[in-house]
Amino acid sequence: MSATVVDAPAPTAMDRVRTFSARRASVLPTLAAIVILVILLIGAQAEFGNFLSPRNLSALLLDHAYLMVLAVGMTFVIVTGGIDLSVGSVMAFTGILGSSMLASGTPVWIVIPVMLAGGAAIGTLIGVLVQYFNVQPFIASLAGLFLGRGLAYVVSLSSIRVENEPILWLQQTRFLIGDWYITPTGIIALAVVAAGAVIMALTRFGRTVYAIGGSEQSARLMGLSVARTKVLVYVISGLCGGLAGLLLTAYSGAGYPRNGIGTELDVIACVVIGGTLLTGGRGYVLGSMIGVFVFATINTIISFMGAEQSWTHIIIGALLLLFIVVQRAIVARSDRRT
Amino acid sequence: MTLLKHHLFWPSAALATLVVVNVIANPNFAKITMRDGDLYGNPVTILRESAPLMLVALGMTLVIATRGIDLSVGAVMAVSGAVSLTIIADAPDPGSLGIVVTAIATAVLVALVLGAWNGFLVSVLGIQPIIATLVLMLAGRGVALLITGGAITTVTSAPYKFISNGYLILLPVAFFIWVAVVAVVALIERRTALGMLTEAVGINPEASRLAGVRSRGIIWGAYIASGVLAGVAGIINASNTMAADSNNAGYLIELYAILAVVLGGTSLMGGKFSIAGTVIGVLTVTTLDKTIQFFGVPPAQSPVFFAVVVVIVVLVQSPRVHQWGRSLSRRRSGHGPGDAGGEPAAASATPTRQEVSA
Amino acid sequence: MPCQDDPVDEAQALVQLDGATVRFGAFTALDAVDFRMFPGEVHSLMGENGAGKSTLIKAITGALALDAGVLRIGGVERHFAGPRDAQDAGVSTVYQEVDLLENLSVAENVFLGREPRRLGLIDHGAMRRDAAAVLEGLGLDIDPASMLGRHSLAVQQLVAIARAISTDVRVLVLDEPTSSLDLDEVAELFRVIRELKERGVAILFVSHFLDQVYEMSDRITVLRDGRLVGEYLTTELLRIDLVKKMLGRDVADIAPREHLVEPESAVEPVISARGLTRAPGIRGADVDVAEGEVLGVAGLLGSGRTELARLLTGVDRAQAGIIRIEEREHRLDSPRRAMQLGVVYSSENRRTEGLIGDLSIEDNIVLALQAQQGALKPLSTARRRELAVSWIEALNIKPADPDRPVRTLSGGNQQKVLLARLLALSPRVIVLDEPTRGIDVGAKVEIQRLVGELADNGLSVVFISAELEEVLRVGDRVAILREGEVAETVAAASLNPDTLMALVAQPDLPEA
């Protein structure tokens, strides 16, 4: 029954810990992800000697820029308590759509908006199904998954090379800072993370996203614009899918309809490892970025070892399990309080 | 009870419509021929090819009834196929019946363990089903790839091939397998009280526990059943291709299975379930798949059609559409039915409030 | 301040509903009801469950649209598109179950949707300061940045009120605000209500507790079956008349149960618990219930009433202490185990912990019996039907249709279905946690009478209720819970509601 009371005069260390835990307990899983990331990096450095090179670390971001963009969109959706299974196939669809348009000579300033709009359109469809027709997010985004994948094949059954200068520029340009480098795709990914973090933390829309994840019913009774927000998170996720399609096309220099099969699972795993609760209401965009780095590091370690790539998914699966169990324990503890 | 209200009416109507459309578009669709004492033709192919999806969807029905979902079925199929084919490939005599039986038994046992693992996460640790099974969905194919050493293991083994391609009295073995499994599952669920208790657990787990129902056992059992059935499906699937292709075996089957269950009228919210409905749902999905191929659409593009089907099905079940249908005359302004009570999207015809004072 | 005794003229009404009608399908929840509220008054809305109280509240607060009729706020006709609209017009609501967001901070819960912003972005610092000011006004000393979920329900309730009054509130709707509060907290809440009243806010106060209604309200509107019965000045309406108007008939005179004369004499307890402990709720509780005895349990909220019931029935496991059933010691590690030993529990949360809403009355009645037998030994169809029909008849469950989904029943009938399920097990001991909460008065009386009959037939009953009068009426002895311990067990005949109240609230007496 006791409420946490904050003593005004001279807070002791204990008080600070208590205040922190009362205010920010939900950061703990994200901190755990950071610890795991650091351990992975140090371990890899100890094992291979050259893992922590600027080159290699720069490549981490470069290779996973598309994943990071998808993870930002997915964080919005998952914090509302939803899920978006369509992101991998949306990425494939917009990628192949853009490649095909470029191949037929459409100017790039039309192609890029069309790719983004294509992603947003599928996101809108999912959002409308979820919000206005009470369809479970899982099922609605399943329709999105089927639709994106099928449409990708409708555009083309095989891969299409991209030779467009501005698109390739996104990937080939290297801004050097000493031995470090970053590509425009990496900058875009980080910008999306920054924008996502600001929107989630500092806008009414972002706080409504959390409110819906906490209790949709309450959010509605509090007069928040639940319907608009719920549709918008799927639109954002779709938009991120479209952007990821652009980044992946630039990265691989081609559109391919089989891209991103199973990517939705990787993205969900990254978001969860980054500390977002799959039941909604808690999570951070920056955490998801950490999650992507964990994923990227494991991926890179495995290629360093020359082991089977299938180990990546086994390890990610195990990590996912670990985080789910930890989250479960946290939720169980906070349940007991009430 | 009117025919229209029966819970199998709409699923059956959908299947019938699909078949009629096919027959009108191409009368050969329903043609069945007799060759060497066995039947062939599209309907027979559909019955045969339904087998893996049928088994998976059956397990999914039980899991969904407990308010759960099993996303790992495709991965379990891949593992089961990889296990059985690897055993056969490594055996000195791949054609021997003993080896095939051992391979199948081992594969089913592995699938049972995987199902039990899912069940443990859900029923003992209390992890959300979608997430608990996501773990295996993610890691399972990796495990299957490790078993086959990353390659696609192909074998030649007549008894193993018989499972999917053989015939018994007129019809394919695979057909008899699924009919037998459906019969057994239906018998267990409906002749015992398991079905009612499963529904109770699915509708209200805590109330069921307080009523003395062993919900943990029931939920765990559903996941084990789902695992085993997916394991058998994996064997049938591998027998069909005679190759353990860990990346493609059972790819997206969890989604088709869920679609089939929903088409059959079982709500994803858990609770009331219908095995007959699932059978109809699976046949509908398989027929639709065949239809799409029949119209000359490349198989890769068929997901577009399934997307349309999913959208239609969920719209038909959506309370909002029901409301539009019911009362075009009277409008409840502004917000939807969910606003008033916050009740889940149960597609019921009863009013939101119905307190009948005694 | 308006004087309550003056007939207030129409022009002053802050809220005015004329001919308000709301239908759900074929069911008319609100039938041409007129209702009004004036500034600076506390107005109580009374009625049985299903009388249309919630519907009326939702109509005023924008959660539901009217099918017919007019709503005027401050003389202006309004058609709210949602709660937000209503809030903008100065109508705020605090719902029965605290409808806030446990995953967000206290400050956010106060200001969500109206956060102070700088350059378009939320100014969390300013929001915290503003929230601190509002909370201080309510006498609430908590860290505005802390997560709401870390606080007790009572604090959350006050935060909900803080949210409601942080806007420019003209009409405040309090729907059962006291149901989760203890006496101190109720007093605190009433202080706040009086302050708001003085500021000219119109307060709609809905409560099951007649005492509180009479203490707080200036005016009472009574609804029955979706229709208006009348509007009365509290000072002019006797309690007995109020109850009659709510029921629409004379209250059946229920004679208090003939109490066992000497409950403690010689009779061996059927169930006996010693030193039951489970942190944080229960610390060393002792309980004895004899055959044919009704043990009433009284205590304040948070004294461990429900927690004790759950320990006695195996729903929660005790960390320490022993339970003897018919003189043999048992470990009750699951409800299932307790049921096997003849000890059954009816939860206070019928809907979430009792019934399986989508299953039929019959399925619900046979559920526990079937679960006891095991899934593989089904009861025959004929036996199931026989059980269902006989219990429906015995407990007068309406409608008497075994195939009807139980979620469509009224609260009282749902409670009876739950009782039927438990009684079908032929238990030795039945623990009833708030069996009459939230059900209409008629069904309440029936259930109280039933409890007496069960005890007369030799069943041992533990009867938990927040209503002290009810505990006294039904119980032979009353166990008084204070802070997780059974402080005293007293013969019911030796108590009246006031003396019982004093016993229950003892720790607070020095302060009062």
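Where nothing but the Cβ of Lys and Arg (+1) and of Asp and Glu (-1) is charged, how large is the charge dipole of the range B:2-297 around its Cα centre, in debye to the nearest 20?
In total the dipole reaches around 620 debye.
What are the aspartates and glutamates whose alpha-carbon lies under 12 Å from the alpha-carbon of B:LYS290, with same-chain residues fewer than 8 places away excluded?
List returned: B:GLU49.
Could you compute how much accessible area chains B and A hide from each other, both sides summed, with a 1.4 Å probe? Nearest 100 Å² is fine.
Accessible area lost upon association: around 3900 Å².
Stokes-Einstein D for the protein assembly as shown at 10 °C, 1.306 mPa s, Kirkwood Rh over Cα pairs, in µm²/s?
Rounded, D is 48 µm²/s.
Tell me the label-point distance for the pair A:VAL35, A:ILE261, using the 7 Å Cα-to-Cβ offset, in nm and rounded to one decimal.
Label at A:VAL35, label at A:ILE261, 3.9 nm between them.
Of A:ASP84, C:ASP182, which has the most accessible area with a 1.4 Å probe, and how do the rest follow in descending order?
Greatest to least solvent exposure: C:ASP182, A:ASP84.
Taking a probe of 1.4 Å, how large is the accessible area per residue of the range A:28-332, in Å²?
Value returned for the range A:28-332: 34 Å² of accessible area per residue.
Who wins for biggest fluctuation among A:LEU37, A:LEU247, A:LEU67 in a Gaussian network model of chain A, springs between alpha carbons below 10 Å?
A:LEU37
Assuming R0 = 30 Å, what is the FRET efficiency of A:SER303 and B:SER96, from their Cβ-Cβ distance, to the nearest 0.05?
Using R0 = 30 Å, I get an efficiency of 0.15.
If I model a spin label as a point 7 Å beyond the Cα along the Cα-Cβ vector, how far apart are those points for C:GLU291 and C:THR235 in nm?
5.8 nm
Working with all protein chains in place, sort A:MET305, A:MET222 by solvent-accessible area computed with a 1.4 Å probe, largest first.
Correct descending sequence by accessible area is A:MET305, A:MET222.
When the label point is put 7 Å from the Cα of A:VAL325 along its Cα-to-beta-carbon vector, which residues of the range A:11-30 have a backbone N closer than 20 Å?
A:28-30
Can you pull the percent of chain A's accessible area that's carbon plus sulfur, 1.4 Å probe, other chains left in place?
66 percent
Can you pull out the buried accessible area for chains B and C, both sides counted, probe 1.4 Å, rounded to the nearest 100 Å²?
Adding both sides of the contact gives about 3800 Å².
Quickly work out the C:LYS244-to-B:VAL321 label distance, labels modelled 7 Å from Cα along the C-beta direction, and quote it in nm with one decimal.
5.6 nm
Loop only by DSSP, 13 or fewer other Cβ within 10 Å of the Cβ. Give me the GluC sites (Glu not before Pro) in the range C:319-376 that pass, ordered by residue number.
Of the GluC sites (Glu not before Pro), the ones in loops of the range C:319-376 whose Cβ has at most 13 other Cβ atoms within 10 Å are C:GLU327.
Once Lys and Arg get +1 and Asp and Glu get -1 on their Cβ, which of B:SER208, B:SER84, B:ASN247 lies farthest toward the positive end of the dipole of the range B:2-297?
Farthest along the dipole direction, towards plus: B:SER208.
Of the candidates A:ALA307, A:ALA22, A:ALA32, which one comes out as most mobile in a Gaussian network treatment of chain A with C-alpha springs shorter than 10 Å?
The residue with the greatest mean-square fluctuation here is A:ALA22.
So, with a 1.4 angstrom probe, what is the percent of accessible area on the range B:150-237 that is carbon and sulfur?
Summing carbon and sulfur atoms, their accessible area is 71 percent of the total for the range B:150-237.
So who's got an amide H within less than 5 Å of the one on C:SER105, skipping anything under 5 residues away but keeping other chains? H placed 1.01 Å off N, in plane.
Amide H to amide H, under 5 Å and 5 or more residues apart or across chains, C:SER105 pairs with C:LEU148.
I need the calculated FRET efficiency for the pair B:ALA30 and A:ALA191, taking r as the beta carbon distance and R₀ as 60 Å, to the nearest 0.05.
0.55
What list of ³J(HN,Hα) couplings, whole Hz, do you get for the range C:413-419 from phi and the Karplus terms 6.51, -1.76, 1.60, once you set θ to phi - 60° and write x for glycine and proline?
Listing the rounded values in order: 5, 4, 4, 5, 4, 4, 4 Hz.
Longer than 24 Å from Cα to Cα, which of C:LYS58/C:LYS197; C:LYS398/C:LYS444; C:LYS53/C:LYS244; C:LYS377/C:LYS398 are they? Say none if no pair is.
Pairs exceeding the cut-off: C:LYS377/C:LYS398.
Looking only at trypsin sites (Lys or Arg not before Pro) in DSSP loops with at most 16 other Cβ atoms within 10 Å, what is the longest site-free stretch of chain C?
Formally, the longest exposed-site-free interval is C:1-198.
In whole Hz and in residue order, list the ³J(HN,Hα) couplings for the range C:164-169 that follow from phi through the Karplus curve 6.51 cos²θ - 1.76 cosθ + 1.60, θ = phi - 60°; x for Gly and Pro.
With the stated coefficients, the range C:164-169 comes to 4, 8, 6, 8, 7, 8 Hz.
Under a 10 Å cutoff between Cα atoms, tell me which one of A:ASN134, A:ASN164, A:ASN259 has the largest fluctuation in the Gaussian network model of chain A.
Taking springs between Cα atoms under 10 Å, the residue moving most is A:ASN134.
Check C:VAL229: other-chain or 5+ apart residues with amide H under 5 Å from its amide H, H built from backbone geometry?
Correct list: C:VAL222, C:LEU223, C:ARG224.
Sort B:MET137, B:MET54 by accessible area with a 1.4 Å probe, largest first.
B:MET137, B:MET54
The values are calculated or read from the model by the stated rules, or taken from the named source; none is laboratory data. Values in this document were obtained by computation on a predicted structure and should not be read as measured data. Cβ atoms come from the backbone with ideal geometry, glycine included; neighbour counts cover every protein chain shown. All accessible areas refer to the heavy atoms of the entire protein, side chains included, with ligands and DNA or RNA removed. Shrake-Rupley method; radii C 1.70, N 1.55, O 1.52, S 1.80 Å.
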